[in-house]
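Read the figures in this text as sums done on the coordinates, not as results from a lab. Since this is a predicted model, take the numbers as computed values, not measurements. In this analysis, Cβ positions are derived from the backbone assuming ideal geometry, glycine residues included, and neighbour counts consider all displayed protein chains.
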Amino acid sequence: MNRTYEEINAKIKNGDVIVMTAEEVIGVVESQGLEKAAKDVDVVTTGTFGAMCSSGAFLNFGHAEPPIKMQKVWLNDVPAYTGLAAVDAYIGATEVREHGGISYGGAHVIEGLVSGKPVKLRAAAHGTDCYPRREIESYLSLKTINQAYLFNPRNMYQNYAVATNSSDKTLFT
């Protein structure tokens, strides 16, 4: 059943719109059939809110004793950007592990933090009077760091091009 934007917007305004996620509508189609689902459901959302090419996380690790101004940071051997404050870093979702290929990267690190897994921190610095420490290696988690902010600046596009892999083969894009 085709609907115009105007018809759907009117249903939204009246509070009569039926909105489902892509996962939810599968069950409706399986139980009631495609035609009835198409008639009853007005909007199907497909946004994943998952990590995309621009996604990443700003992290503040807190100060060690003695303090360090981190110039190079690796989280589970994935490089993170450190041109911020002394113990801050940005881990990009698409950054990959330095050794071991493209099968593990920043999105895996972020997922590990979010799910409560320990993440190995390794940092190096040249050392200063205020920040004499030159290296640190430790494990951290979302519970042990000061701050973590996830950013997804590209997840709000209209008409964002999407591709899916319908094969069993892993594709690297």
Quiz item: Helix 5-14 versus the longest principal axis of the chain: what angle, 0 to 90°, nearest 10, using Cα atoms?
Solution: 80
Quiz item: If one takes the longest principal axis of the Cα atoms in the chain, at what angle in degrees, from 0 to 90 and to the nearest 10, does the Cα axis of helix 22-32 lie?
Solution: 30
Quiz prompt | Inter-site label distance for residue 114 and residue 22 at 7 Å from Cα along Cβ, in nm | solution = 1.6
Quiz prompt | Mean shadow area of segment 56-151 over all directions, Cα convex hull, nm² | solution = 5.6
Quiz item: In nm², what is the average projected area of the convex hull enclosing the Cα atoms of segment 5-45?
Solution: 2.8
Quiz prompt | Simple label model, 7 Å out from Cα along Cβ direction - residue 9 to residue 147, nm | solution = 3.9
Quiz item: Can you give the Rg to Rh ratio for the chain, taking only C-alpha atoms and Rh from Kirkwood?
Solution: 1.15
